[in-house]
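Engineer: Have a look at the structure that comes next, please.
The values are calculated or read from the model by the stated rules, or taken from the named source; none is laboratory data. Quick caveat, the model's predicted, so the values are computed rather than measured. Here the Cβ positions follow ideal geometry from the backbone for every residue, glycine too, while neighbour counts run over all protein chains shown. The accessibility values were calculated without ligands, DNA or RNA, using every heavy atom of the protein model including side chains. Shrake-Rupley method; radii C 1.70, N 1.55, O 1.52, S 1.80 Å.
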Amino acid sequence: MLRKKEDKFIVVFETTTNAMALEKHAKLAGSKGRLIPTPPSIRAGCGFAWCSPVDEEILIRQLIIDKNISTTDQVIFNI
Amino acid sequence: MIYFDNASTTYYKPDSVIKAVQDAMVGMGSAGRGVNSASLDSSRIVYACREEVASLFNFNNPDRVVFTANATQSLNIAINGLIDEKDHVITTVMEHNSVLRPLYKTGAKLTILPQDLSGGVDLKMLEAAILPNTKAVICTHVSNLTGEINDVVAIGEICKKHNLYFILDVAQSAGCMDINMEEIQASILCFTGHKGLLGPQGTGGLCVANGVHIKPLIVGGSGINTFDKNHPIQLPSALEAGTLNTHGIAGLLAGIKYIKNIGISKINEHEKQLVKRLADGIRSIPNVVIYGSQNSDSGSILAMNIVDVDSNELADILQHEYDICTRSGGHCAPLMHQSLNTINQGIVRFSFAYYNMTDEVDRVIEVIKYLANQAYIN
């Protein structure tokens, strides 16, 4: 283990374009989150995931709805 | 040099475009391939360009803006992904080979409509040509030879009424005139980046309306779902296998911002004035033939000949003796030349951009006057 694990709100996407859309809107909304490589235990492969502090879960979920962003997973994950 | 071959490619690119490409080449990774900062910077530029393209065409879904290398590739993707030999397709004599050759290759039955007196496709003939197995209307917005325009809003209405796909080639109109995808009700817009949008060569794309599912032409690397044997089906990834031309897309983004800053209507007005100035200046010269209906709302193109002078010879004289760049020959528009009876002679095409000036047009008028008089004497 290289980092101390903690709970994060993770969003996984269908496409890179969806990830870029959420990043743009989340940053505009003041989110402290960032894009990370998708944790393999959520989905194997080389895609992007959005990683926010858990207290941003409601904000991010609402942005996803408001901006009509496609996702495949929205989970609290210990990472 | 006077450059009047902008329908082939715009020659002068804004400094902002050149700088954007240079910056991208210096400081960007591969878009959609990893989460390192270089890759993310690249992905952000690509996403910003999708948003700008969508905004330019009043298309509300940047996720369905797909980047390609040019309009030809876009049209191949659209046509091969939707049409097969069982289908009937309606198209027009105004088409470029980038529409015609992919259509011939599908083996689909084609109805090829003539122009009417307005210069666009005859709408009554279009509706009458619809068969039970008609799948799509595929046409250009603006003829790349004469600048004549199709009434794309009316064509879109007919397609909607008969539940047909409407694939529109905007290679000659994007950046030169207002294009409203929602109003046009197009299923797919196919554009290129290096003409009116002032971007680098090797850029282009499609805007794919909701509900339109195109079978991919190529599959491969997508940056996501590595362990799935199938290519992703979601747009834009479904149609963007392989590394994108992010350096070019960065330039395209700058080009679109540049023209939006000037304003499409201002660009359109300027280019129409240049066409009118040239047409008015040479129309009455003996031996000069102008092609097309020359409507007030035609595109940024004027097609002409001097009596029976070989168009390649005239273009060569213009280039080598007067430093005026035009395009002669067939212009990849075989059916238009057949329709105009210019297959053997070809046509000399002058095509304009925002950076062209009235004194350049005046110089051309002066030269054409002289050459037409020489042809008359000879």
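Engineer: If a/c stays under 1.5 just call it rounded; otherwise compare a/b with b/c (prolate if a/b is bigger, oblate if not). Do that for the range B:260-330, with a ≥ b ≥ c from the square roots of the Cα gyration tensor eigenvalues.
Structural biologist: It is prolate, given that a/c is not under 1.5 and a/b is the larger ratio.
Engineer: Okay, which of the range A:33-64 sit inside 19 Å, backbone N to the point 7 Å along the Cα-Cβ direction of B:Ser30?
Structural biologist: Residues A:36-38, A:44-49 fall inside that zone.
Engineer: Averaging sequence separations of C-alpha pairs under 8 Å and six or more residues apart, then dividing by the length of the range B:15-262, give the relative contact order as a whole percent. Kindly include the intermediate steps, with their values, before the conclusion.
Structural biologist: Working: 503 pairs, mean separation 68.7, N = 248.
So the answer I get is 28 percent.
Engineer: Let me ask something else about it. Using protein chains only and a probe of 1.4 angstrom, how many square angstrom of B:Thr146 are accessible, to the nearest 10?
Structural biologist: 0 Å²
Engineer: Greater than 24 Å separation of Cα atoms is the criterion. Which listed pairs, B:Lys160/B:Lys260; B:Lys161/B:Lys260; B:Lys195/B:Lys260; B:Lys109/B:Lys161, meet it?
Structural biologist: Long pairs (Cα-Cα over 24 Å): B:Lys160/B:Lys260; B:Lys161/B:Lys260.
Engineer: Here is a follow-up. In whole percent, and with a 1.4 Å probe on the protein chains, what portion of the accessible area of the range B:15-262 is carbon and sulfur?
Structural biologist: Carbon plus sulfur share of accessible area: 52 percent.
Engineer: Under 23 Å between C-alpha atoms is the cut-off here; go through chain A and count lysine pairs that meet it, provided they're at least eight residues apart or on different chains.
Structural biologist: Number of lysine pairs found: 10.
Engineer: Mean residue ellipticity at 222 nm from the helices of the protein assembly as shown, using -39,500 (n - 2.57) per DSSP H segment of n ≥ 4 over the full residue count, to the nearest 500 deg cm²/dmol? Walk me through the numbers before you get to the answer.
Structural biologist: Details: 14 runs with 173 residues, N = 457.
-12000 deg cm²/dmol, from helical runs alone.
Engineer: What is the distance in Å between the Cα centroid of the range A:1-37 and that of the range B:63-139?
Structural biologist: 42 Å
Engineer: Right, next: List the residues whose amide H sits under 5 Å from the amide H of B:Lys195, counting only those 5 or more places along or on another chain, with H placed 1.01 Å from N in the peptide plane.
Structural biologist: HN-HN under 5 Å from B:Lys195: B:Thr10.
Engineer: Please identify every one of the GluC sites (Glu not before Pro) in chain A that sits in a loop by DSSP and has no more than 13 other beta carbons within 10 Å of its own beta carbon.
Structural biologist: Qualifying residues, ordered by number: A:Glu6.
Engineer: Explain nothing, just compute: Karplus ³J(HN,Hα) = 6.51 cos²θ - 1.76 cosθ + 1.60, θ = phi - 60°, for every residue of the range B:131-145 in order, whole Hz, x for Gly and Pro.
Structural biologist: Once rounded to whole Hz, the list reads 10, x, 9, 5, 9, 7, 10, 10, 7, 8, 6, 10, 4, 6, 9.
Engineer: May I ask you to rank B:Val364, B:Val35 by accessible area, largest first, using a 1.4 Å probe over the protein chains only?
Structural biologist: B:Val35, B:Val364
Engineer: Multiply the residue gap between B:Ala38 and B:Ile262 by 0.36 nm, knock off their C-alpha separation, and tell me the result in nm, one decimal place.
Structural biologist: Values: separation 224, 0.36 × 224 = 80.64 nm, distance 3.12 nm.
The span from B:Ala38 to B:Ile262 would gain 77.5 nm if fully extended.
Engineer: Obtain the radius of gyration and the Kirkwood radius of the range A:7-78 from its C-alpha atoms and give Rg over Rh.
Structural biologist: 0.91
Engineer: Additional query: Quick one: Karplus J couplings for the range A:60-65, per residue in order, coefficients 6.51, -1.76, 1.60, θ = phi - 60°, nearest Hz, x for Gly and Pro?
Structural biologist: Rounded to whole hertz, the list is 5, 4, 5, 4, 4, 6.
Engineer: On to the next question. In the P(r) worked out for the protein assembly as shown, what percent of Cα pairs fall beyond 42 Å?
Structural biologist: For the protein assembly as shown, the share of Cα pairs beyond 42 Å comes to 23 percent.
Engineer: Something else about it: So for each of B:346-352, B:49-55 I average, over its residues, the number of other beta carbons within 10 Å; can you give me the resulting order with the highest mean first? Spell out each step's value before the answer.
Structural biologist: Numbers: B:346-352: 27.0, B:49-55: 21.4.
Highest mean packing first, the order is B:346-352, B:49-55.
Engineer: Another question about this same structure. For labels at B:Asn60 and A:Asn78 in the simple 7 Å Cα→Cβ model, what's the distance in nm?
Structural biologist: 4.4 nm
Engineer: Using each residue's phi in the range B:298-315, evaluate 6.51 cos²θ - 1.76 cosθ + 1.60 at θ = phi - 60° and report the 3J(HN,Hα) Karplus result to the nearest Hz, with x for Gly and Pro.
Structural biologist: Calculated HN-Hα couplings, in order: 5, x, 8, 9, 10, 10, 8, 9, 10, 5, 9, 5, 3, 4, 5, 5, 5, 5 Hz.
Engineer: Could you size up the charge dipole of the protein assembly as shown around its Cα centre, putting +1 on the beta carbon of Lys and Arg and -1 on that of Asp and Glu, and report it in debye to the nearest 20?
Structural biologist: The calculated dipole for the protein assembly as shown is roughly 1380 debye.
Engineer: Quote the FRET efficiency, to the nearest 0.05, computed for B:Asn312 versus B:Glu182 with a Förster distance R0 of 41 Å and r equal to the Cβ-Cβ distance.
Structural biologist: 0.45
Engineer: Further, regarding this structure: How big a patch of accessible area, both sides summed and in Å² to the nearest 100, lies buried between B and A at a 1.4 Å probe?
Structural biologist: 1600 Å²
Engineer: Here's a follow-up. At B:Ser293 and B:Leu217, where each label point lies 7 Å from the Cα along Cα→Cβ, what is the point-to-point distance in nanometres?
Structural biologist: Those two pseudo-labels are separated by 3.1 nm.
Engineer: Taking a probe of 1.4 Å, how large is the accessible area per residue of chain B, in Å²? Provide the component values of the computation, followed by the final result.
Structural biologist: Working: 15660 Å² over 378 residues.
Per residue, chain B has 41 Å² of solvent-accessible surface.
Engineer: If you don't mind, another one. DSSP loop chymotrypsin sites (Phe, Trp or Tyr not before Pro) in the range B:162-253 with at most 12 other Cβ atoms within 10 Å of their Cβ, which ones?
Structural biologist: Those satisfying the criteria are B:Phe227.
Engineer: Leaving ligands, DNA and RNA out of it, rank B:Met181, B:Met357, B:Met25 by accessible area with a 1.4 Å probe, largest first. Mind showing how you got there, number by number?
Structural biologist: Details: B:Met181 5, B:Met357 100, B:Met25 125 Å².
In descending accessible area the options line up as B:Met25, B:Met357, B:Met181.
Engineer: Please name whichever of B:Gly221, B:Ile79, B:Gln294 sits farthest to the positive end of the charge dipole of chain B, dipole taken about the Cα centre and charges placed at Cβ: Lys and Arg +1, Asp and Glu -1.
Structural biologist: B:Gly221
Engineer: Then there is this: For the pair B:Ile18 and B:Asp228, how long in nm is the line joining their label points, each one 7 Å along Cα→Cβ?
Structural biologist: That separation, rounded to one decimal, is 4.3 nm.
Engineer: Looking at B:Asn268, B:Leu278, B:His331, which one has the Cα that reaches farthest to the positive end of the dipole of the range B:263-377 (charges on Cβ: Lys, Arg +1; Asp, Glu -1)?
Structural biologist: The listed residue farthest towards the positive side: B:Asn268.
Engineer: Which stretch or stretches of the range B:66-90 have amide N atoms under 17 Å from the point lying 7 Å from B:Lys109's Cα along the Cα→Cβ direction?
Structural biologist: Answer for this model: B:83-90.
Engineer: Here's something else I'd like to know. Let me check the size of the range B:15-262 from its C-alpha atoms; what are the radius of gyration and Dmax in Å?
Structural biologist: That works out to 18.0, 58 Å for Rg and Dmax.
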